[in-house]
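What follows is a set of notes on a single structure, which appears directly below.
The values are calculated or read from the model by the stated rules, or taken from the named source; none is laboratory data. Computed from a prediction, not measured in an experiment: that's the story for all the values here. Reconstructed Cβ throughout: ideal geometry from the backbone, glycine too, with neighbour counts over all protein chains shown.
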Amino acid sequence: MLPATTPAFAFARVRDGEQGRELVLRNVTGSRGAVLIPLAAAADHARPTLHDRALFADLSRLPRLGPTQVAAIARAAARAGLCGRAARAAAAAAAAAEAGAAREALASLSAVGRTGGPVDPSAGAALRLASLAAAARRLALLPPQLGVLAATVEDRASLGAAVRTEEAGFIAAAARATARFAEASLAPVLALLEDPPAALAAAETSSWPAEAVARAAWILDGWPLLLARWEESEGRGHGSEARALRAIAAALPPLPLELATTDEEQDAVRATWRLEADGAATDQALLERLRAAAP
């Protein structure tokens, strides 16, 4: 999901299509499905902001799409001041926090090396693991936030606030399902990181920790933007909250069915798919299907 600042591109997604990269947009007419436009022709659909022009140009040059790569491009645009001073300061603070987390992880691995750990903490494996640990711990902060959002939305609906019950239920179910699958993907990595010597060895001999973190990033893709949208509106009156929840419900990222291995898990995945009045999954759920495997 892209942090676009042009209203027409709000909560847009980008994918690799048969004819090149494409933007998947919400259908603003309210009809079923989504709007697909070539990324190269975005300016023909709506006039992009300076930020979005830079974002789309960088996206077109990416050799491989993925949440991590898109987030890096977005942070670079924000640090350049293309979203304003507040966004530039926030991006700088986030970058400093991530760098600090990586240094902390590397320091922990270095301590293991000084006490006789089996792997040189200055080796490439240690550096990769430090970066992976910082990413895993950053992503692990999101599932609890999704749980809070789910409970808050249900509370608003139960109090008779300007939130449709079915809309609140959809958001809550999708948030909880996403948190569940993200936690399941991250749990073995976080457990491994509790044993630095074993984690260092795994970083040298196996790709599964990196794949698990990449999978969690795909699962959680888009949710930081949706959580920020709610944070902007929470407590600012029923009208503001209702508008935010309608926008969130329309933009919820559907989970891929390939994540599920049981019937119960399939039900949890389908809870993140928008439904039409006849109960059928929307075309957009199919268009936006995310890959569960690491890119």
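What to note about this one:
- Some residue of the range 210-222 being closer than 30 Å to ALA126 by Cβ, surrounded by fewer than 17 Cβ atoms within 10 Å (Cβ to Cβ) and not β-branched (Val, Ile, Thr): yes
- Any hit, the range 34-56, residues being over 21 Å from LEU252 (Cβ atoms), among the charged types (D, E, K, R) and surrounded by fewer than 16 Cβ atoms within 10 Å (Cβ to Cβ): yes
- Screening ALA216, ALA251, ALA210 for residues that are at pLDDT 85 or above and under 16 Å from the mean Cα position of the chain (by Cα) leaves exactly one candidate, ALA216.
- Counted residues, the range 223-251 - those being of a type in the set (Gly, Ala, Ser), on the phi < 0 side of the Ramachandran plot and loosely packed, with under 15 Cβ neighbours inside 10 Å: 3
- The C-beta contact set for the range 127-155 (first residue buried (at least 16 other Cβ atoms within 10 Å of the Cβ), second residue not in a helix (DSSP H, G or I), distance under 8 angstrom, 6+ apart or interchain) comprises THR152/GLU234; VAL153/VAL163.
- Residue check, PRO197 at pLDDT 85 or above and either in contact with a strand residue (DSSP E or B) (Cβ under 6 Å, 6 or more places away or on another chain) or surrounded by fewer than 19 Cβ atoms within 10 Å (Cβ to Cβ) (or both): no
- Residue pairs whose Cβ atoms lie under 9 Å apart, sitting 6 or more positions apart in sequence or on different chains, and linking a residue in the range 173-195 that is of a type in the set (Val, Ile, Thr) to a partner that is surrounded by fewer than 16 Cβ atoms within 10 Å (Cβ to Cβ), are VAL189/TRP208.
- Checked against the criterion of being under 25 Å from LEU139 (Cα atoms) and at pLDDT 85 or above, the candidates GLU231, GLU204 yield just one match: GLU231.
- Leading residue by the ranking (surrounded by the most Cβ atoms within 10 Å (Cβ to Cβ)) among those in the range 254-268 that are at pLDDT 80 or above and in a loop (DSSP other than H, G, I, E, B): LEU255
- The set of residues in the range 166-195 that are farther than 16 Å from GLN145 by Cα, part of a helix (DSSP H, G or I) and not aliphatic (A, V, I, L, M) comprises GLU166, GLU167, GLY169, PHE170, SER185, PRO188.
- Taken over the range 196-227, the criterion of being part of a loop (DSSP other than H, G, I, E, B) and of a type in the set (Asp, Glu) is satisfied by ASP221 alone.
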